[in-house]
Amino acid sequence: MGSLIEEWLAVGHLSMQVYPATENVNKLTDKFREQGFGVTSVCGCGRSGERTILFVLLDRKYLPIALKILDEVQPGIFYNVADSRAVRGGIFPAPKSRLIKTK
C-alpha cells in the first residue's frame, strides 16, 4: 500500500540500469546529462560479450522523462528500474528553473 501511494505521489528515488547497444552509449549518456541527470558507466560482460551499463539515479517524478530519452535513442532498449531506499550525494536534475528541456 505504501509503495502505491509513493508511486502515485511520485516521491522518492529510483535507480535505473540501462544496457544500451555499443553505438548508443555516448548518445544516451550525453542526452541524460543534457537533461541534468547524473550517469555512471560501468563495463560488464554479458552473453554477447563486453557491454557498457549505465547507472542513473533519479527522482521518481522524472522517470517519464528518462524513459522518453531511452525510447528516442534506442526503442526497445533493455533497462531495469528499482526503488532506492537511501541516497547520499550524487547529481540530480535541478529545480524546475533549469530542468528538463522537453521538445
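Side notes on the structure shown:
- P(r) histogram, all alpha-carbon pairs of segment 2-84 included - 10 Å bins from 0, percent: 17, 51, 25, 6, 0
- Stretchable slack from S41 to L63, in nm (0.36 nm times residue separation minus alpha-carbon distance): 6.1 nm
- Taken over the alpha carbons of segment 29-76 as equal point scatterers, the Debye sum produces base-10 log I(q)/I(0) values at 0.19, 0.21, 0.28, 0.29 Å⁻¹ of -0.68, -0.80, -1.11, -1.14.
Values quoted throughout were computed directly from the atomic coordinates according to the rules given, and no laboratory measurement underlies them. For clarity, every value in this text was computed on a predicted model and none was experimentally measured.
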